[in-house]
Amino acid sequence: MPSGGQVAAPNQLDRVLRGYLDHLVVERGIADNTLRSYRRDLRRYSEYLGGRGITELAEVTELVVGEFLAVLREGNADHPPLATSSAARTLVAVRGLQPVRGPGRAAGHRRCP
């Protein structure tokens, strides 16, 4: 947290995540349980990206997403390994947020209709 008790301004990734979750509620009408799961999954994704110094979706490559999936399946000090079905759901949330194209190329955020 910045000095003076102020909260840091959200980065581009945080803004996109909020917009995507809003889109799921308003445009797609997803169920509350699904929304909670996606919110948790995308928070974990955001934390993973932040730990790698990634603050914009344009910096994410397929390799980064693949490494994130490996962390989900193997677990780490903060999270136990996820079951295959839970890791798959997390990957669906990530791919919905940002379809990744090509093994090393970064992809832009898909605009909501």
Using the beta-carbon distance between Glu27 and Thr84 and R0 = 30 Å, what value does 1/(1 + (r/R0)^6) give for FRET efficiency, to the nearest 0.05? 0.55
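To the nearest 20 Debye, how big is the dipole of the range 10-97 about its Cα centre, given +1 on the beta carbon of each Lys and Arg and -1 on that of each Asp and Glu?
Using only the charged Cβ atoms, the result is roughly 260 debye.
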Below 8 Å, C-alpha to C-alpha, sequence gap of six or more: please give me the relative contact order for the range 4-96 in percent. 28 percent
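Just so you know, all these numbers are worked out from the coordinates, no wet-lab data involved. For clarity, every value in this text was computed on a predicted model and none was experimentally measured. Because the Cβ atoms are built from the backbone with ideal geometry, glycine has one as well, and the counts that use them run over all protein chains shown.
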